Amino acid sequence: MNALISFFTDPALGFLRNAAAAALLSAIPFGVVGSVVTVRRVSGLAGAISHAVLGGIGLALFLSGTGILPGVPPIAGAIAFALIAAVVIGTVSLRARQREDTVINAIWATGMSLGVLFMAKTPGYVDPTSYLFGNILLIAPGDLVLLAVLDAAVLFLAWRFYPQIEATSFDGEFARVRGVNTAVAFIVLLSVTAVAIVLLQTFVGIVMLIAMLTLPAGMAGYRAKNLASMMVAASLWAGLFSGGGLVLGWHFDLPAGATTVVLSGAAFLLAAAIRIVRERRKRAKR
């Protein structure tokens, strides 16, 4: 009880309270966007976009550090690269599906490599691992405002365009027959995912981002009856994993991001194993 009181009142633990708030706020886009990404089976595309972001971050740091564009923030380069990657991947996926894997892998590897090269030529020392793994304990109050804005935007878009999102996610042909421009909807989906990836990656890192976009939604998918219930359940799982990883990381002096990924991965694999055992038992009874 004393530890709980200290958590809310101790001025020295302000960074921990910010991290806890970020874990809860990030659960909403992880759950909502992650559910759509999982249902549409475009997690590979999201992974490529998230890694291409490193190229934009490296470019922004290089331009700022060398004085070419003084003061340009890394998030500006990240958003630019993410949107370019989303449009390129989306266009290729729609028009040349047989080349989709090649383009995804090319953007994935090239984006990361460009980021490392730009960082290597940036004056001073820039550690690329800080962007790969992030540090949720360094969240500032201003970052929480950005996360809250992202939450509001994601929730509004999910509410306003839910019928179109659901139709294009489960039955693209039916959606086209009903007049939905599925190509535009797909590009918009990837663009929204790209922006969400940039903001979330800044806080939690690329590795944790990919895990949290897929594992909570995967857990929710075992019992969800529709996309809406999957979004809600995935958000709850994301909040539980993020909060649990933060608590375990703080208690055992471990990196919070890596702890969160291990916790969510273990829970997903355990749920998958239980599901397999139950299905085998049902088959055996028949």
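Which whole-number percent is the relative contact order of segment 11-285 (Cα, under 8 Å, 6+ apart)? Across segment 11-285, relative contact order equals 30 percent. Looking at segment 103-201, the chymotrypsin sites (Phe, Trp or Tyr not before Pro) that sit in a DSSP loop and have at most 11 other Cβ atoms within 10 Å of their own Cβ are TYR125. Electrostatic bookkeeping for LEU199 treats Lys and Arg as +1 and Asp and Glu as -1; over the other residues with beta carbon under 15 Å from its beta carbon, the sum is -2. A dipole drawn for segment 11-285 from +1 and -1 charges on Cβ atoms has a positive end, and of ALA158, THR168, GLY124 the residue lying farthest that way is THR168. Within the straight-line cut-off of under 17 Å between alpha carbons, the aspartates and glutamates reachable from LYS225 are GLU166, ASP171, sequence neighbours fewer than 8 places apart in one chain being disregarded.
What does the charge dipole of segment 11-285 about its Cα centre add up to, to the nearest 20 debye, if the Cβ of each Lys and Arg holds +1 and the Cβ of each Asp and Glu holds -1?
1200
Dipole magnitude for segment 30-178: computed about the Cα centre from +1 point charges on Lys and Arg Cβ and -1 point charges on Asp and Glu Cβ, it is near 380 debye.
Of the trypsin sites (Lys or Arg not before Pro) found in segment 18-127, those in coil by DSSP whose Cβ has at most 10 other Cβ atoms within 10 Å are ARG41. Only DSSP H runs of four or more residues enter the estimate; each adds -39500 (n - 2.57), and after division by the residues of the chain the mean residue ellipticity at 222 nm equals -28000 deg cm²/dmol. Taken as entire DSSP H runs, the helices of the chain that both span 24 Å or more between Cα atoms along their own long axis and average 0.0 or more on the Kyte-Doolittle scale are 14-40, 43-65, 74-95, 100-120, 141-160, 182-204, 227-251, 256-285.
Taking the radius of gyration and the Kirkwood hydrodynamic radius from Cα positions alone, what is the Rg/Rh ratio for the chain, to two decimal places?
Looking at the chain, the ratio lands at 1.00.
When the chain is described by a simple charge dipole with +1 on each Lys and Arg Cβ and -1 on each Asp and Glu Cβ, the residue from ILE274, VAL262, GLY34 located farthest towards its positive end is ILE274.
Only the coordinates and a few stated rules stand behind these numbers; no lab work does. Only a predicted model underlies this, so the values are computations on that prediction, with no experimental measurement involved. Because the Cβ atoms are built from the backbone with ideal geometry, glycine has one as well, and the counts that use them run over all protein chains shown.
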